[in-house]
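Colleague: If you scroll down you'll find the structure; I have some questions about it.
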Amino acid sequence: MSDSPPAEAIRTASTPTAHGTADAPDPRRWWGLVVIALAQLMVVLDATIVNIALPSAQKALGMSDGNRQWVITAYTLAFGGLLLLGGRVADLVGRKRTFIIGLIGFAVASAIGGASGSPGMLFAARALQGVFGAVLAPSALSLMTTTFTDPRERGKAFGIYGAIAGAGGALGLLLGGILTSYANWRWCLYVNIPIAAVAVIGALMLLHDRPGHREARLDIPGVILGCGGLVAVVYGFSEAESRGWSDALVVSLLIGGVALLAAFVFWQSKTEHPLLPLRILADRNRAGCFLTMGLATIGMFGLFLFMTYYFQGILEYSPVRSGLAFLPMSAMIILGSTQVSARLLPRTPPRLLMVPGMLLAASGLAVLTQLGVDSAYATHVLPAELLLGLGMGLTFMPVFSTATNGVRPQDAGVTSAMVNTSQQVGGSLGTALLNTIATSATSSYVGRHLTNPTQKAQVLREGIVHGYTQAIWWGVAAMLIAAVAAGVLVVARPTGRGGAPAGAAAAH
């Protein structure tokens, strides 16, 4: 690998040729990375920051237990369902422009949510946050993709980005606990306003982009089929918790969602301007990265949900202490992404990081299957967090880098959106599915063991933890399947040794 500067830099007035001849790199690109990372952190934080604040918000607004899940689900459904559309909009009108629009819209939606006086207003604001998050996230990642093309710089940049994507959820739990305890649950939403303001100013000053690709077109039927299918599947999993898997509505939603997604794939193969060009999925490296990301987040987001309840409901931690309990995992994600993966990826095949990462993460989750009502944090939870965090750190960075490397400029936005979609849909499905499994296992356990009414409280606590551990086993299985997917599908060579870019690796 020579010491030549990056072959490409984002400039408004320049368009690099297909052979890589371009202007010198933007000297402010690392400050631009700070802006992009700040925006991505805001989006990732918002997926979890309200989790710890939810009991306070429920009490303040008079939400029912059955409806409170929509504070989370409204956001994840809108975000995951519209990411592909957001990526194509970024390709059409330009990434910097959609990046700024997404930031402003996200801040406005956050202000509406913070000022909510009713559950319906809060649900609507959370859905609006998801809409603008779906515009913002793919723009941020595609700006990263086209700014950092030198393998060494790309490794460092995506190490930081991967650390944020992995640790942001846990940091959101900590920040949510602090704001709820020392301010008010509404500040879990208001906090986005100053973050977005700083990011908008930074974007105007530091980020550059080429004009949008005017030949791109919005695939409206694809939006309806793809988004409708994703929403139906996630909603079906969510409703299965309260209605049961055999309920007619649940079965209809799941079958209808799968049918819509199948129709979406068929339509993408026929339309002239697809929402998701199938050539992106046809590349085995990208397909492997998307699958690995989706499976990994099934277990990770389920863990956030269960451990939040475990800390507060079983160990009786305060919101702040609950957030602090996640910090070791965040630290290991950052360490794995920035100090291990970022240093090794230029000379190591991506799957040699992703497969061990998923195996480490699976072993961390397996430790948590041994939790009991009286388990100590230091001996049962901390070792699991360290293993899981390091594994996710090893995995996230090469997934982001490999999936977006070598992509055609007109497909950068939608490819970036697909990475985020994999993460968000995996998290949505994981939260809904694992929560349903846990609830069912708890009910079954209590029904079998509650023989003495005087022991009801103790049996219920044991049943809750039993439900968590049974659901976590499914998370372990998802991580192991992710390791297999990465090992079989991702064949890209190290880019730092003249290997083919991720998108160009042959399917041997």
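The values are calculated or read from the model by the stated rules, or taken from the named source; none is laboratory data. Computed from a predicted model, the values in this text were never measured in an experiment. Here the Cβ is made from the backbone with ideal geometry for all residues, glycine too, and neighbour counts use every protein chain on show. The accessibility values were calculated without ligands, DNA or RNA, using every heavy atom of the protein model including side chains. Shrake-Rupley method; radii C 1.70, N 1.55, O 1.52, S 1.80 Å.
Colleague: Treating the beta-carbon of each Lys and Arg as +1 and of each Asp and Glu as -1, no other charges, what is the dipole magnitude of the chain about its Cα centre, to the nearest 20 debye?
Modeller: 540
Colleague: Need one word for region 252-364: rounded, prolate or oblate. Basis is the Cα gyration tensor (sqrt eigenvalues a ≥ b ≥ c); a/c below 1.5 gives rounded, then a/b vs b/c decides.
Modeller: Judged from the Cα gyration tensor, region 252-364 comes out oblate (a/c at least 1.5, b/c at or above a/b).
Colleague: Quick one: accessible area per residue over the chain, 1.4 Å probe, rounded to a whole number of Å²?
Modeller: 38
Colleague: Then there's this: Express in Å², to the nearest 10, the accessible area of residue 219 obtained by rolling a 1.4 Å probe over the protein heavy atoms while all chains stay in place.
Modeller: It works out to around 10 Å².
Colleague: Run the accessible area of region 258-351 with a 1.4 Å probe and give the carbon-and-sulfur part as a rounded percent.
Modeller: It is 66 percent, rounded to a whole number.
Colleague: Given a 1.4 Å probe and every protein chain left where it sits, what share in percent of the accessible area of region 54-163 is carbon and sulfur?
Modeller: 68
Colleague: Tilt of helix 151-182 relative to the longest C-alpha principal axis of the chain, in degrees (0 to 90, nearest 10)?
Modeller: 30
Colleague: Quick one: with all protein chains in place, what share of the accessible area of region 393-472 is carbon or sulfur, to the nearest percent (1.4 Å probe)?
Modeller: It is 57 percent, rounded to a whole number.
Colleague: Separate question: Any idea of residue 123's accessible area? Nearest 10 Å², probe 1.4 Å.
Modeller: Taking all protein chains as shown, residue 123 has close to 40 Å².
Colleague: Mean 1/r over all different Cα pairs, inverted: what Kirkwood radius does region 373-439 give, in Å?
Modeller: Kirkwood radius, region 373-439: 14.8 Å.
Colleague: Another question, then. Can you send over the solvent-accessible area of residue 334, 1.4 Å probe, protein chains only, in Å² to the nearest 10?
Modeller: 70
Colleague: Next up: Using only alpha carbon positions, build the gyration tensor of the chain, then give the equivalent ellipsoid semi-axes as the square roots of 5 times its eigenvalues, largest first, whole angstrom.
Modeller: Computed over the chain, the values are 36, 24, 23 Å.
Colleague: Right, another one. Using the alpha-carbon atoms, what tilt in degrees (0 to 90, nearest 10) does helix 192-206 show relative to the longest principal axis of the chain?
Modeller: In the chain, helix 192-206 runs at an angle near 10 degrees to the longest axis.
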